[in-house]
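Here's the structure, in structure tokens; my notes come after.
The values are calculated or read from the model by the stated rules, or taken from the named source; none is laboratory data. Model, not experiment: these values are computed from the prediction. Backbone-built Cβ (ideal geometry, glycine too); neighbour counts: all protein chains shown. The area values use the complete protein model at the heavy-atom level, side chains included, leaving out ligands, DNA and RNA. Shrake-Rupley method; radii C 1.70, N 1.55, O 1.52, S 1.80 Å.
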Amino acid sequence: MDTKNLKIPSTVSLEHILHFWEQNDILILIVDLNDYDTLNTDHLDDIEKEHLEILQTEYFKKRYITSRIVLKHILCSILKERTVSDISMYKDKYGKVHVHNHKEVHICISYTENIVTLAISKTEIGVDVELRKLRSLTNVSKYLHNPLLHADTYANGHDHLMIWTLKEAYCKFLNKSILSNLNKELYLDNICHLNYIINSKYILAVVTD
């Protein structure tokens, strides 16, 4: 499996993010929850606050608040909205996040441990991030017993967790339920798919057209 090794860079300013957005079709940002104190909810709308109340632990609450507030600040900058509160988002039935009145922008969010991956794209995209060895090979392998990859660049014997991560990213790209696609082949011949090892600790899979 073709995999790239990357190091998470230093903090990127909103000005740099705007420049990157003007020059590229896809932005993928790695957010470390440990870099943030618990944030207030002033910029969350009523629906987001209702969802926040459902979350049972402080970890899930912080993860949700941080991802939404960071995402709104980025979107406010690249979409040139007046204020962060002008950014309104919603989730569809599969959990995919959309930006109201901005169908040209595609969002995908993935979490693992203290890491949040935010993908903002001008084209359809799916990303998934996993802590390496977070799942045992036994737990992952039971879902991967059928042939899953339909591409010449893949062969038997690959890291199962890498394949699992790619599969989740693929399902998010298609906006399909992972449960309904566990044992289906992945037809990757006509799409772009990349795998990364981040800081030698995380696996990141990206699928886009």
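Does Glu81 fit the bill of being assigned to a helix (DSSP H, G or I), of a type in the set (Asp, Glu) and farther than 14 Å from Leu33 by Cβ?
No, not satisfied.
For the structure I just gave you, tell me whether Ile30 is in contact (Cβ under 8 Å) with a residue 60 or more places away in the chain, under 14 Å from Ile120 (Cα atoms) and surrounded by 11 or more Cβ atoms within 10 Å (Cβ to Cβ).
yes
Do you know which residues across the stretch 84-97 are within 20 Å of the chain's Cα centre (by Cα) and either surrounded by 14 or more Cβ atoms within 10 Å (Cβ to Cβ) or not in a loop (DSSP other than H, G, I, E, B) (or both)?
Matches in the stretch 84-97: Ile87, Ser88, Met89, Tyr90, Lys91, Lys96, Val97.
Are any residues in the stretch 71-83 among the aliphatic types (A, V, I, L, M) and open to solvent by 20 Å² or more (accessible area, probe 1.4 Å), and if so, which ones?
Leu79
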